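The values are calculated or read from the model by the stated rules, or taken from the named source; none is laboratory data. The structure presented is a predicted model; accordingly, all values stated were derived computationally and were not measured. Cβ atoms come from the backbone with ideal geometry, glycine included; neighbour counts cover every protein chain shown. Note: accessible area is taken over every heavy atom of the protein model, side chains too, but ligands, DNA and RNA are not part of it. Shrake-Rupley method; radii C 1.70, N 1.55, O 1.52, S 1.80 Å.
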Amino acid sequence: MSMSFEAGRLLTDRGYLTQVQYRTQHNLAARQSIYAYQRPLIDLASAVISLAGMNGSETVADIGCGNGVYLGELARRGHAGRVLGADLSAGMLAAARDTVAAACHGGSPTSGLVLSDAAALPLADGVADITLAPHMLYHVADRQAAVREFRRVTRPGGAVLVVLNGSDHFAELRDLVNMAAADIGIAADAGWAEGRAGGPGLILEAGAELLGSVFGSIFQRDFVGELVVPGPQPVLDYVASMRFTQSLAEPSALLAALSARLPGGSVTITTHCGALVCR
Ligand SMILES: C[S@@+](CC[C@H](N)C(=O)[O-])C[C@H]1O[C@@H](n2cnc3c(N)ncnc32)[C@H](O)[C@@H]1O
């Protein structure tokens, strides 16, 4: 049996994304929490925002803002310009609201939140000085349309910052999951669709090509590290949150097979993502 088609289809399926994977921040938060084991520890939101070279007065649009990691970072910095978060999921926008409120420490947030699709943004032409689209473009069925929207809503001279994973991101875990799937009779090669060249996902290398077809200049900054996870549970929690696992009839069978494959001690996993600064 091959589950790769189903997992690949779910990658851009709006019903799955809004009603299951991102209905609440539960799955995303499970994946975010494993980065506590990253060496060197990279504060990605801070590093990506710093690439934009802002003075604090800019209007920023964060497309696919999720639970508000980047919005929270802007609030913590006391960003005074307007900030707008857009996401397909009402549950994620609710989580983003909480993140921004916590980061403001009771002050008044400058963020607005809007439920919308990246491929049809309800924003005026050129409204943003800076548009962020971190770790979200692989979820959009019509990526060309989304990239054109990013360019449309960003003023001439502004910048669009897209973040995607490299093809080697989480390679060791991908191999472990594929072996565990094989152990229970599932051909899983696309369990990791967004991190696999030729799959339905969009990796950093292909993203740079796509963006290069729309923008005049692309600057790429890579962030490479590794996770040194002290024991199996954070890895199992991560895998339980994945679209591939959730596409299976019996997710617990995969998790049991993975548990048997994991070493008794620590697990080391490569991390590699890149920010593409497009002008
Ligand atoms: C992996 S999360 C990334 C969240 C955030 N950008 C971050 O880096 O922490 C992907 C987010 O994109 C949102 N999303 C998926 N498809 C979208 C679309 N077509 N338009 C807007 N948001 C979308 C999801 O609801 C989810 O919140």
Long-range neighbours under 9 Å by Cβ, at least six apart or interchain, first residue among the aromatic types (Phe, Trp, Tyr) within segment 209-230, second open to solvent by 80 Å² or more (accessible area, probe 1.4 Å): Phe215/Arg151; Phe215/Arg279; Phe219/Arg279
When residues of segment 231-241 are limited to those that are free of Cβ contacts under 8 Å to residues at least 60 places away in the same chain and touching a helix residue (DSSP H, G or I) at 6+ places or on another chain (Cβ under 8 Å), the one most open to solvent (accessible area, probe 1.4 Å): Pro232
Members of segment 257-279 that are open to solvent by 60 Å² or more (accessible area, probe 1.4 Å) and assigned to a helix (DSSP H, G or I): Ala260, Arg261
Residues that are modelled with pLDDT under 95 and open to solvent by 30 Å² or more (accessible area, probe 1.4 Å), drawn from segment 105-138: His105, Gly106, Gly107, Ser108, Pro109, Thr110, Ser111
Where a residue in segment 4-15 is open to solvent by less than 40 Å² (accessible area, probe 1.4 Å) and its partner, wherever it lies, is at pLDDT 75 or above and aromatic (Phe, Trp, Tyr), with Cβ under 8 Å and at least six apart: Ala7/Phe244; Leu10/Tyr16; Leu11/Tyr138
Within segment 168-211, tally of residues that are open to solvent by 30 Å² or more (accessible area, probe 1.4 Å), in a loop (DSSP other than H, G, I, E, B) and at pLDDT 90 or above: 3
Pair list, Cβ < 6 Å and 6+ apart or interchain, from segment 37-63 residues that are in contact (Cβ under 8 Å) with a residue 12 or more places away in the chain to residues that are part of a loop (DSSP other than H, G, I, E, B) and open to solvent by 40 Å² or more (accessible area, probe 1.4 Å): Gly56/Ala80; Ser57/Ala80; Thr59/Arg82
Breaking point among (1) more than 15 Å from the ligand (Cβ to nearest atom); (2) touching a Leu at 6+ places or on another chain (Cβ under 9 Å); (3) not aromatic (Phe, Trp, Tyr), for Arg155: (2)
Scan of segment 77-94 for residues that are farther than 19 Å from Glu58 by Cα, open to solvent by 10 Å² or more (accessible area, probe 1.4 Å) and out of contact with any Lys or Arg (no Cβ under 6 Å at 6 or more places or on another chain), ordered by number: Asp87, Leu88, Ala90, Leu93, Ala94
Within segment 24-41, considering residues that are more than 9 Å from the ligand (Cβ to nearest atom) and not in a helix (DSSP H, G or I), the one surrounded by the most Cβ atoms within 10 Å (Cβ to Cβ): Gln38
Verdict on Leu51 being at negative phi, open to solvent by 30 Å² or more (accessible area, probe 1.4 Å) and either within 12 Å of the ligand (Cβ to nearest atom) or touching a Pro at 6+ places or on another chain (Cβ under 9 Å) (or both): no
Wholly enclosed strands (runs of 3 or more DSSP E) of segment 61-146 bearing at least 2 residues within 9 Å of the ligand (Cβ to nearest atom): 83-87, 128-134
